[in-house]
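Q: Sending over a structure as structure tokens; questions will come in a sec.
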């Protein structure tokens, strides 16, 4: 079990890894060694996520989520497959952790009477400053 938050955990069996050849420089091994990982996580069919978390996850994942609701994370930062696997899992956990946090509900507030007065006083002051800059009838 991968622990995301205190209330959210996903089964490691839900993660699917494919190892492919990485892009970029690599010398003689570049076309021989599968040194990039594709981590797939089917978020829509995961029993751990509720609808709100799934919606937030879709927004956060962006292009990393397919139309079918599968999150695909490509990792190739390290050389060893074990480090690459850990990196991909950490990135998925970070994404899920962020999606698990519900957004704060905004409550409407009104400005206080003192705040309104300050704003109006400042407006009168600015207007007087600008009027003083204008040329008068005697100029």
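Q: Name the residues in segment 10-35 that are surrounded by 13 or more Cβ atoms within 10 Å (Cβ to Cβ), at pLDDT below 75 and within 23 Å of the chain's Cα centre (by Cα), would you?
A: 14
Q: Which helices (runs of 4 or more DSSP H) does segment 36-136 wholly contain that include 3 or more residues that are touching a residue at least 24 places away in the same chain (Cβ under 8 Å), under 25 Å from residue 1 (Cα atoms) and within 17 Å of the chain's Cα centre (by Cα)?
A: Filter on segment 36-136 gives 51-61, 81-100.
The values are calculated or read from the model by the stated rules, or taken from the named source; none is laboratory data. Nothing here was measured: the structure is a model prediction, and the numbers come from that model. Here Cβ is always computed from backbone atoms with ideal geometry, including for glycine, and neighbour counts include all displayed protein chains.
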